[in-house]
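Everything below concerns the one structure shown next.
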Amino acid sequence: MGIVLAGWLGWMAGNAVALDHTTDSLETVKKNVAGKSALLLDVREQEEWDAGHLQAARLSPLSGLKDNAKLEEMLKDLPKDKVIYAHCRSGKRCLAAGEILKAKGYDVRPLKAGYDDLVKAGFEKAK
């Protein structure tokens, strides 16, 4: 029994793939968001959002996604039939947010590019 369990655990560890940044180009992201087949999700905190955010983005702070009491409410308006491109400041928090959303059945693709990089790449800042 112990050998079977050890083998199964080894197989699981070898096949468990952590979520990584998307390989979709920023041009592809722009096209998909503009075509409404994808959603841009900003997982930074409210203060960061208030200091500047992308016109096409929606705010869902990572702190709220991690809070089970807030999570279900935050997910109510998040479509499962669209790709969700998550972004943050530097590409780390969007990976954590992506894991949460992936576990809930979303097609989430974290962006390595942070907010400033996205602005430099031509994503429109909100007025």
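Quick notes on this structure:
- Test: residue in the stretch 67-76 that is within 12 Å of His87 (Cα to Cα) and modelled with pLDDT of 95 or more: no
- Residues that are out of contact with any His (no Cβ under 6 Å at 6 or more places or on another chain) and buried (at least 20 other Cβ atoms within 10 Å of the Cβ), drawn from the stretch 40-52: Leu40, Leu41, Val43, Arg44
- Yes/no for Lys125 being exposed (fewer than 14 other Cβ atoms within 10 Å of the Cβ) and either under 9 Å from the mean Cα position of the chain (by Cα) or within 22 Å of Gly52 (Cβ to Cβ) (or both): yes
- Residue that is nearest to the chain's Cα centre (by Cα), among those in the stretch 9-35 that are at pLDDT below 95 and in a helix (DSSP H, G or I): Asn15
- Beta carbons closer than 6 Å, at least 6 apart along the sequence or on distinct chains, pair a first residue in the stretch 113-127 that is touching a residue at least 60 places away in the same chain (Cβ under 8 Å) and under 13 Å from Asp42 (Cβ atoms) with a second that is part of a helix (DSSP H, G or I) and of a type outside the set (Asp, Glu) for Lys125/Val119.
- Answer from Leu65, Leu111, Leu95 - the residue that is in a loop (DSSP other than H, G, I, E, B), in contact with a Leu (Cβ under 8 Å, 6 or more places away or on another chain) and either among the aromatic types (Phe, Trp, Tyr) or surrounded by 15 or more Cβ atoms within 10 Å (Cβ to Cβ) (or both): Leu111
- Unique match (being part of a loop (DSSP other than H, G, I, E, B) and in contact (Cβ under 8 Å) with a residue 60 or more places away in the chain) among Arg89, Arg44: Arg44
The values are calculated or read from the model by the stated rules, or taken from the named source; none is laboratory data. As the structure is a computational prediction, the values presented were derived from the model and not from experiment. Cβ: placed from backbone, ideal geometry, glycine included. Neighbour counts: every protein chain shown.
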